[in-house]
Amino acid sequence: MSTAPPNDPDDAAEDAEDIADDVSADDAARDRRFDVELGTTAAVVVLFLVLRLLAVSHWHWNTVAAVADTFDFSDSFAIAFGTIAGQPWVTGVFVAILLPLALIRLLWPLPEHKGQITVSNVLAVVALAVVAFAMTYTYRNPWTLVGAAAFGLVLVLIRVFVHAGVLRRFAVGAITQIALIAGIGILVLAAVDDHPWMSEERIATTTHGTIDGWVLDEAPGFVHVLTADRDVLILPTGDITDRRLLD
């Protein structure tokens, strides 16, 4: 009959130290990933706003400076929403790509993504579905939903029947890099949408006649207006006799 050797206190202490070191390393890696993701998100937001200012100004530097002088970060949400609504065909294409990717990642995740369902994944699917429905209802055009269904079917067929090669790598890469695709889509929208984020107005004045443009800012005593020719006019409020929204 054999007896097991007694546990060595030094070995137990070393094992505990190794476990603590592994936990610390994992925590440090997660912190680094979070810092990278946060920094990337901030960079995308800044680049998005810069591209929107450039596009709205028709890439004229002096106009960019004048528009930026009236910019307020509280307008960021209005700018983002206006960008999505300003170019419906471009938005529709990206929604048709992103919606099936987000659904597949949520409902049929890759092996490395199993157990990683987060609130952000669910909210992304809900937001994309709402945008797709709203665009379909507004424009009476089903092509966003049809395109999403077609692209999703292609991805499913590739995952089921193609086990290697370029198509497989394309499908897996698209599902894995959905955040990158979304970021590229947002920046493309920002660069191609030259419509300002506020409603266009017809402004009657005593000094400049009637002006069609967008009111950038209403400072005490003055109104900053971006005209259709992408000039920024500063009008005294006393010179404005009428303002009407244009359809």
| said: If I go through region 50-77 residue by residue, how many of them are touching a helix residue (DSSP H, G or I) at 6+ places or on another chain (Cβ under 8 Å), of a type in the set (S, T, N, Q) and in a helix (DSSP H, G or I)? | reply: 1
| said: Six or more apart or on different chains, Cβ atoms under 7 Å: show the pairs whose first residue is in region 68-80 and within 13 Å of F48 (Cβ to Cβ) and surrounded by 16 or more Cβ atoms within 10 Å (Cβ to Cβ) and whose second is at pLDDT 80 or above and of a type in the set (D, E, K, R). | reply: I79/R52
| Scope region 201-231; condition without any contact (Cβ under 8 Å) to a residue 12 or more places away in the chain and either closer than 16 Å to H58 by Cβ or in a loop (DSSP other than H, G, I, E, B) (or both); matching residues | G209, P220, D229
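Being at pLDDT 90 or above and among the polar types (S, T, N, Q) is true for just one of T118, T83, T70, T138. Which residue is that?
The match here is T138.
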| query | Looking at region 180-200, is at least one residue in contact with a Lys or Arg (Cβ under 8 Å, 6 or more places away or on another chain) and over 21 Å from F94 (Cβ atoms)? | reply | no
| field | Top-ranked residue in region 192-226 [being within 17 Å of the chain's Cα centre (by Cα) and buried (at least 17 other Cβ atoms within 10 Å of the Cβ); ranked as nearest to P111 (Cα to Cα)] | value | D193
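Do we find a residue being more than 30 Å from S74 (Cβ to Cβ), of a type in the set (S, T, Y) and surrounded by 13 or more Cβ atoms within 10 Å (Cβ to Cβ) anywhere in region 167-184? Spell out how you get there, then give the answer.
Pass one, region 167-184, residues more than 30 Å from S74 (Cβ to Cβ): 167-177.
The next check asks that each one be of a type in the set (S, T, Y); those that pass are 176.
Adding the requirement that they be surrounded by 13 or more Cβ atoms within 10 Å (Cβ to Cβ) leaves 176.
Yes; the residues of region 167-184 include at least one that is more than 30 Å from S74 (Cβ to Cβ), of a type in the set (S, T, Y) and surrounded by 13 or more Cβ atoms within 10 Å (Cβ to Cβ).
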| task | Return the total of residues in region 130-157 being free of Cβ contacts under 8 Å to residues at least 24 places away in the same chain and either of a type in the set (F, W, Y) or touching a strand residue (DSSP E or B) at 6+ places or on another chain (Cβ under 6 Å) (or both). | result | 2
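When you scan region 102-121, do you find a residue that is in contact with a strand residue (DSSP E or B) (Cβ under 9 Å, 6 or more places away or on another chain), in the same structural domain as V188 (by TED's automatic domain parsing) and more than 19 Å from A171 (Cβ to Cβ), even just one? So that I can check it myself, show each step before the final result.
Filtering region 102-121 for residues in contact with a strand residue (DSSP E or B) (Cβ under 9 Å, 6 or more places away or on another chain) gives none.
No; the residues of region 102-121 include none that is in contact with a strand residue (DSSP E or B) (Cβ under 9 Å, 6 or more places away or on another chain), in the same structural domain as V188 (by TED's automatic domain parsing) and more than 19 Å from A171 (Cβ to Cβ).
The values are calculated or read from the model by the stated rules, or taken from the named source; none is laboratory data. Treat the numbers as computed from the prediction; the structure is a model and nothing was measured. As a convention, Cβ positions derive from the backbone with ideal geometry for all residues, glycine included, and neighbour counts pool all protein chains shown.
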